[in-house]
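Peer 1: Structure incoming, see below.
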Amino acid sequence: MSATFVGMPGSPAFPAFPRAAHDAVRDTTLRGNLRHATHTIRAKRAAAVAEMPDWAALRAAGRQIKDHTLRHLDWYLVRVEEAVTAAGGTVHWAADADEANRIVAGLVKATGESEVVKVKSMATQEIGLNEALEAAGIRAYETDLAELIVQLGHDRPSHILVPAIHRNRGEIRDIFRSEMSRWGRPAPEGLTDAPAELAEAARLHLREKFLRAKVGISGANFVVAETGTLVVVESEGNGRMCLTLPETLISVVGIEKIVPTWRDLEVFLQTLPRSSTAERMNPYTSMWTGTTDGDGPETFHLVLLDNGRTDTLADEVGRQALRCIRCSACLNVCPVYERAGGHAYGSVYPGPIGAILSPQLRGTASEIDASLPYASSLCGACYEVCPVAIDIPEVLVHLRERVVEGGPATRAGNKVLLKPAKGHAAERAAMRAARWALTRPGALRGGQRLASRTRRFHPRTLPGPGRAWTGTRDLPPVPAEPFRDWWQRTHGGPGGKDAK
Amino acid sequence: MSSRDRILGRVRRALVDVPPDDAPPPVPERPGRHPRYEREVSRDYLRQHGDRNTEETVDLLAENLADYRAIVHRCDAEELPRLIAHLLGERGSNTVLVPPALEQGWLTAIEVTLVADRPDSTPHELDRVDSVVTGCAVAVAETGTLVLDGSPDQGRRRITLVPDHHICVVRVPGQVVSSVPQALERLDPTRPLTWISGPSATSDIELDRVEGVHGPRTLEVVLVSGE
């Protein structure tokens, strides 16, 4: 059984979230950059959503549309295949990252080209397409400004929407100055850190690539089953460049991106921009259905990607993660993401959605994936802002249970019985002890009294396996008197003095 | 077994909890209107936000376009040719690209060189053109959005992308709708569609919005009445 590969190429193993976050929270530049960015977008998003009195109804409709699609995904996948084929496209199916990469590399090679321009795409990051193309002798140029910053900086993306959110303008200028010349047109002389100048440098650098590109690669935000229409939402125009100038377009799309009807776009085109960039509408949205004579690519390929999605679908609690439209609103409100940064999540999907998506797509076998369900304070802010109402805290708790207790799951299409994860023995023992005590009121009362009377002698940190827990938390002090004793003393008797 | 069969098989096995009578709806007879699917999705959200008369809707379009840094002009049909000529002159444009069936009367006052969009014109040729003038299919007031659908007065997608200056003429009130749902109703999904809300922009550097990356850095919208 091959493991599902979800991003972070070149780094086979990632440390567990607590260890990765440990260093990140001490990086004051990173925390400053993140704090500035997340707080800016948070306030703007709230204002953009407040303009819509029917937000709750749009959110409910978005959830229902996605749930309906997922419940009939086999049927809609076949509709997509029929509609795209009828419109002049070719559909390919990829069960995992390797297969998707093989298909795309083969399609590019068949054109005789050795370079491609890419629109930012979470799916192609997830499967490590750029690295796979590199290995096949094909150079892939990222064209989204933030992706370009990440690519030039030999860096990893740290946010779904703004992959270079961890970089400030000074860092970006330095990257452009030192790296652009290695990839093409160098940065202009005397480049400063003014955002407008940096954007201009990116424009000049990328334009020569756009104008000569013969092959474009994209993802899609939505695929309409009824019509075979693909939708890409973007701001810079790099998407339009990649989608319309090349002769061949290859779109790699997760099977969860389907919506049933053309009309359904009215819901998501209202909720996605406001949730992600806090705009009424993003500057550019491109929609295409197969190929059009004389306008845009003559050849269109759609690669439908599974890569762990059907395993996620098999989990009745966790499948709601597949409703995600990748808006990143949950990242921007998350107190954990704000402090730890996106890299600590060890996946192209950081933040709260990453904490539930990655362990489902990849399974919980690795250290990082077993730790991700714990990368949360369960404050619920992510659920509040989610435009498709994914109950992220519910799935986090569900995955914690799977990590600690093990149990049935689906991996690569096969039912497996997971063993309880290592390192949670103390937790399981504590829960067993709690279950024992809580079902025996006499023992509980005795224990509480004993604890109160010995409180002076309690240590400030726990010994043994509890040490890690108190390493980052204060041990709550035991009160001088158990609650039940206090109640009896102040309210006189078990029913209380006001009892009728 | 092909990957297609493998994936479809995995999906079906993953959905064993879905009751068998919960069958998917048949292919809709027309877009988004199948009764069974419509029962599963409650569409009690608004068709538009707020009550406005025609004039107010056009005003809102102008306001929201300007809010996203498009430059908005208003005129009547008679003034339009001179306004277009003026905008091109102001910009210092020497060449202007036009789609094949742009309203002839719109360009009667211009003195710059017209460049036709030929199917074989290369992206490099388009890159040397100063400005482009097009019509539009529909404009959305609530979001400040223009939608182009590749009709002969709007041309191929690339012509409104590569040149740095785009003048888009919107007939008001005929081409203006209030909301996104109303716009989708008017559009034909089989055409290539481009939704434009303000000029090209990025927020990738510290989430500061900067206008103008790859698409036209200047978007001028002419709302023309009495057409």
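The values are calculated or read from the model by the stated rules, or taken from the named source; none is laboratory data. Model, not experiment: these values are computed from the prediction. Ideal geometry is used to build each Cβ from the backbone, glycine not excepted, and the neighbour counts take in all protein chains shown. Accessible surface areas use protein heavy atoms only, side chains included; no ligands, DNA or RNA. Shrake-Rupley method; radii C 1.70, N 1.55, O 1.52, S 1.80 Å.
Peer 1: Any residue in segment A:49-64 that is open to solvent by 40 Å² or more (accessible area, probe 1.4 Å) sitting within a Cβ distance under 7 Å of a residue that is at pLDDT 95 or above and in a helix (DSSP H, G or I)? List the pairs, counting only those 6 or more apart or interchain.
Peer 2: Correct list of pairs: A:R59/A:T271; A:R63/A:R323.
Peer 1: Within segment A:135-145, is even one residue open to solvent by 30 Å² or more (accessible area, probe 1.4 Å) and of a type in the set (D, E)?
Peer 2: no
Peer 1: In addition: Hey, can you tell me all the residues within segment A:101-143 that are part of a loop (DSSP other than H, G, I, E, B) and in contact (Cβ under 8 Å) with a residue 40 or more places away in the chain?
Peer 2: Across segment A:101-143, the qualifying residues are A:E113, A:V119, A:K120, A:S121, A:I127, A:G128, A:T143.
Peer 1: Say we look at segment A:225-244 and pick out the residues that are at the interface with chain B (Cβ under 7 Å from one of its Cβ atoms) and open to solvent by less than 10 Å² (accessible area, probe 1.4 Å); which of these is farthest from the chain's Cα centre (by Cα)?
Peer 2: A:T244
Peer 1: Report yes if some residue within segment B:195-208 is surrounded by fewer than 24 Cβ atoms within 10 Å (Cβ to Cβ), of a type in the set (D, E, K, R) and touching an Asp or Glu at 6+ places or on another chain (Cβ under 9 Å); otherwise report no.
Peer 2: no
Peer 1: Exactly one of these conditions fails for B:Y68: (1) of a type outside the set (D, E, K, R); (2) at pLDDT below 95; (3) within 30 Å of A:A48 (Cβ to Cβ); (4) surrounded by fewer than 21 Cβ atoms within 10 Å (Cβ to Cβ). Give me its number.
Peer 2: That leaves (4) as the condition not met.
Peer 1: Can you say whether A:L417 is under 25 Å from the mean Cα position of the chain (by Cα), modelled with pLDDT of 90 or more, of a type outside the set (S, T, N, Q) and outside any loop (DSSP other than H, G, I, E, B), as far as the supplied structure shows?
Peer 2: no
Peer 1: Identify, from the list A:A48, A:A57, the residue that is in a helix (DSSP H, G or I), within 7 Å of chain B (Cβ to nearest Cβ) and more than 20 Å from the chain's Cα centre (by Cα).
Peer 2: None of the other options fit; the residue is A:A57.
Every residue, every condition in (1) in a loop (DSSP other than H, G, I, E, B); (2) closer than 30 Å to A:V416 by Cα; (3) open to solvent by less than 30 Å² (accessible area, probe 1.4 Å); (4) at pLDDT below 95, yes or no:
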| position | (1), (2), (3), (4) |
| --- | --- |
| B:L8 | no, yes, yes, no |
| B:D17 | yes, yes, no, yes |
| B:P20 | yes, yes, no, yes |
| B:A23 | yes, yes, no, yes |
| B:R30 | yes, no, no, yes |
| B:R33 | yes, no, no, yes |
| B:E55 | no, no, no, no |
| B:V72 | no, no, no, no |
| B:E78 | yes, no, no, no |
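Peer 1: So how many residues does segment A:332-371 have that are more than 18 Å from A:D306 (Cβ to Cβ), assigned to a helix (DSSP H, G or I) and of a type in the set (S, T, N, Q)?
Peer 2: 2
Peer 1: I need the full set of residues from segment A:180-212 which are closer than 30 Å to A:V25 by Cβ and either within 7 Å of chain B (Cβ to nearest Cβ) or in contact with a Pro (Cβ under 9 Å, 6 or more places away or on another chain) (or both), in order please.
Peer 2: A:P195, A:L198
Peer 1: Among B:S200, B:S225, which is facing another protein chain (nearest Cβ under 8 Å) and of a type in the set (S, T, N, Q)? Talk me through it step by step, then tell me what you get.
Peer 2: Details: B:S225 fails: facing another protein chain (nearest Cβ under 8 Å).
Matching residue, one of B:S200, B:S225: B:S200.
Peer 1: Within segment A:207-224, track down each residue that is within 27 Å of the chain's Cα centre (by Cα) and of a type outside the set (G, A, S).
Peer 2: A:I217, A:N221, A:F222, A:V223, A:V224
Peer 1: Would you tally the residues in segment B:126-154 being at the interface with chain A (Cβ under 10 Å from one of its Cβ atoms), open to solvent by less than 10 Å² (accessible area, probe 1.4 Å) and farther than 22 Å from B:E56 by Cα?
Peer 2: 1
Peer 1: Pull up segment B:41-53, narrow it to residues that are surrounded by fewer than 15 Cβ atoms within 10 Å (Cβ to Cβ) and either aliphatic (A, V, I, L, M) or within 30 Å of A:T69 (Cα to Cα) (or both), then point me to the one that is farthest from the other protein chains (Cβ to nearest Cβ).
Peer 2: The residue in question is B:R47.
Peer 1: Among the residues of segment B:82-109 satisfying the criterion of being open to solvent by 30 Å² or more (accessible area, probe 1.4 Å) and among the β-branched types (V, I, T), which is farthest from B:D153 (Cα to Cα)? I'd like the intermediate steps shown before the answer.
Peer 2: So the first thing to find is which residues in segment B:82-109 are open to solvent by 30 Å² or more (accessible area, probe 1.4 Å), and the list is B:82-83, B:86, B:89-92, B:94-95, B:100-101, B:103-105, B:108-109.
Next cut, among the β-branched types (V, I, T) only: B:95, B:108.
Numbers: B:T95: 18, B:T108: 16 Å.
It comes out as B:T95.
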